[in-house]
1. Do you know which residues across region 17-46 are within 16 Å of PHE60 (Cα to Cα), polar (S, T, N, Q) and not in a helix (DSSP H, G or I)?
2. For region 115-144, enumerate the residues that are over 14 Å from VAL182 (Cα atoms) and surrounded by 15 or more Cβ atoms within 10 Å (Cβ to Cβ).
3. In region 23-39, is there at least one residue being in contact with a helix residue (DSSP H, G or I) (Cβ under 8 Å, 6 or more places away or on another chain), buried (at least 20 other Cβ atoms within 10 Å of the Cβ), of a type in the set (Lys, Arg) and farther than 29 Å from TRP266 by Cβ?
4. Please specify each residue of region 107-136 satisfying the condition of being touching a residue at least 24 places away in the same chain (Cβ under 8 Å), more than 10 Å from the ligand (Cβ to nearest atom) and under 17 Å from PRO79 (Cβ atoms).
5. Go through the residues of region 387-397 one by one and say whether even a single one is hydrophobic (A, V, I, L, M, F, W, C) and either assigned to a loop (DSSP other than H, G, I, E, B) or over 26 Å from TYR230 (Cα atoms) (or both).
6. Identify all residues within region 213-262 that are in contact with a Leu (Cβ under 7 Å, 6 or more places away or on another chain), within 22 Å of ALA329 (Cβ to Cβ) and β-branched (Val, Ile, Thr); write none if there are none.
7. Please state which of the following conditions THR414 fails to meet, knowing it meets all the rest: (1) β-branched (Val, Ile, Thr); (2) part of a loop (DSSP other than H, G, I, E, B); (3) within 37 Å of the chain's Cα centre (by Cα).
8. Is one or more of the residues making up region 88-99 in a loop (DSSP other than H, G, I, E, B), under 21 Å from THR267 (Cβ atoms), within 16 Å of the ligand (Cβ to nearest atom) and not β-branched (Val, Ile, Thr)?
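The values are calculated or read from the model by the stated rules, or taken from the named source; none is laboratory data. All values derive from a computational prediction rather than experimental measurement. Note that we place each Cβ from the backbone using ideal geometry, even for glycine, and neighbour counts take in every protein chain shown.
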Amino acid sequence: TSAQIGVTGLAVMGRNLARNFARNGYTVAVHNRTVSRTKALVEEFGHEGDFVAAETAEEFVAALERPRRLVVMVKAGEPTDAVIEEFAPLLEPGDMIIDGGNAHFADTRRRERELRERGIHFVGTGISGGEEGALHGPSIMPGGSKESYDSLGPMLEKISAKAADGAPCVTHVGPDGAGHFVKMVHNGIEYADMQLIGEAYQLLRDVAGYEPAQIADIFRTWNTGRLDSYLIEITAEVLSHVDEATGKPFVDVVVDQAEQKGTGRWTVQIALDLGVPVSGIAEAVFARSLSGHAELRAASRDLAGPKPTPLGESEAAAFADRVEQALYASKIVSYTQGFHEIAAGSEEYGWDIDLGAVSSIWRGGCIIRAAFLDRIRAAYDARGDLPSLLSDETFAREIADAQDDWREVLVAATRQGVPTPGFAAALAYYDALRAPRLPAALTQGQRDFFGAHTYRRVDREGSFHTLWGGNRAEVSA
Ligand code: 6PG
């Protein structure tokens, strides 16, 4: 038997991905360091399709038709390097190693370069959608060579999620690390979306005075409109869930300290390197870290500040509508920032990423899938060189319509002492972009004052310095 694809690393993501390939008619070689896992997969799911169980690396490689397509589904970092080192010597020129983990794109670039020298295609690919997505159709973001995509693309298109219009949620994102870069930003946006939803929830609870079950209903209603998305949908599910042991809302019995595995943090770290202001995503990452500082929070509990006083019933409903506007406007801003980062990465690394295609493949399968992404796709399709999503007419108009409510929500949050770093950062970004003048001019003056760092003038070319400690004459620098 020769398998068209192989999957090594059969934890839940790898196992479900292997099953997805098999269910789509491919013969799949499966391999795991602990052989019992391989056996369990074939025993439990063997009826779903054609699997070839391989006990050793040699058997696994021998089971694959050429050029070999070998999918690695192990932990990002050293385990990935170890698996590559185990298999690369067994492969031949033209074969492909596909890394479907959440690798850092810089690692992917390095691995791609090293393996290219050995004649092997290395395809770092983002895969989003969790366990269910891996099984039923994820959103797939492959990087690597064009040649590897010619061989692999049709298979990925088959197992991927399909958008509402039937388009497969996979595209060749770009060379080397482009796929993992885009997956990283996907996760940064995921963090921002989750933070904004969290802030909306907190406002509905503390300012509007709703109970979690009522808030779940509000999210359900929002999910029928422009906010229609997977994350809004599951938010309603989580909020309406009641803890069996205590009878309390589930959300009230969970420790309020958010964890993270690192992709959101990377998005911000790389944005800092690229000089891209992803303030909304950064606030989302910082909000998670702040929540985890239990001792610091305990030591700060008695600090002065208002206690929210919930609104009456009729006002509460109107406030909820405003929160929807604030959430939607802030969401536009965080996607604007995320796409800016992708554009900047593409520019820096020469990837030539098609932003419309990226929004298109996020329409289904992934964690941030949403009706909204179809509108982003439309915006980039209408104008490929759109300088920013905010310059799209439709989004600009929607923000214009939302902004009074957005500002009102932030006024209420500030007055009542409800932290809304995501909403606030998004509005500050929006206002800063539209400002005719920024205090950056003053910053330049200060820098020139204390360090002769020089400045440019609005009315003349060149760099200048003022002799601050002397007669304050201006000199050309
Ligand atoms: C996905 C998810 C996935 C990851 C989450 C959780 O696209 O399917 O992004 O890759 O499980 O990002 O990450 P944190 O543990 O950092 O929240």
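1. Those that are within 16 Å of PHE60 (Cα to Cα), polar (S, T, N, Q) and not in a helix (DSSP H, G or I): THR27, ASN32, THR34.
2. Once the filter is applied, which keeps residues that are over 14 Å from VAL182 (Cα atoms) and surrounded by 15 or more Cβ atoms within 10 Å (Cβ to Cβ), region 115-144 yields LEU115, ILE120, HIS121, PHE122, GLY129, GLY130, GLY133, ALA134, LEU135, HIS136, GLY137, PRO138.
3. No, because not a single residue in region 23-39 is in contact with a helix residue (DSSP H, G or I) (Cβ under 8 Å, 6 or more places away or on another chain), buried (at least 20 other Cβ atoms within 10 Å of the Cβ), of a type in the set (Lys, Arg) and farther than 29 Å from TRP266 by Cβ.
4. Hits for region 107-136 are ASP107, THR108, ARG111, LEU115, PHE122, GLY124, THR125.
5. No, every residue in region 387-397 fails to be hydrophobic (A, V, I, L, M, F, W, C) and either assigned to a loop (DSSP other than H, G, I, E, B) or over 26 Å from TYR230 (Cα atoms) (or both).
6. Passing the criteria: ILE215, ILE218.
7. (2)
8. Initial filter on region 88-99 (in a loop (DSSP other than H, G, I, E, B)): 91-95.
Within this subset, residues satisfying the condition of being under 21 Å from THR267 (Cβ atoms) are none.
Within region 88-99, none of the residues are in a loop (DSSP other than H, G, I, E, B), under 21 Å from THR267 (Cβ atoms), within 16 Å of the ligand (Cβ to nearest atom) and not β-branched (Val, Ile, Thr).
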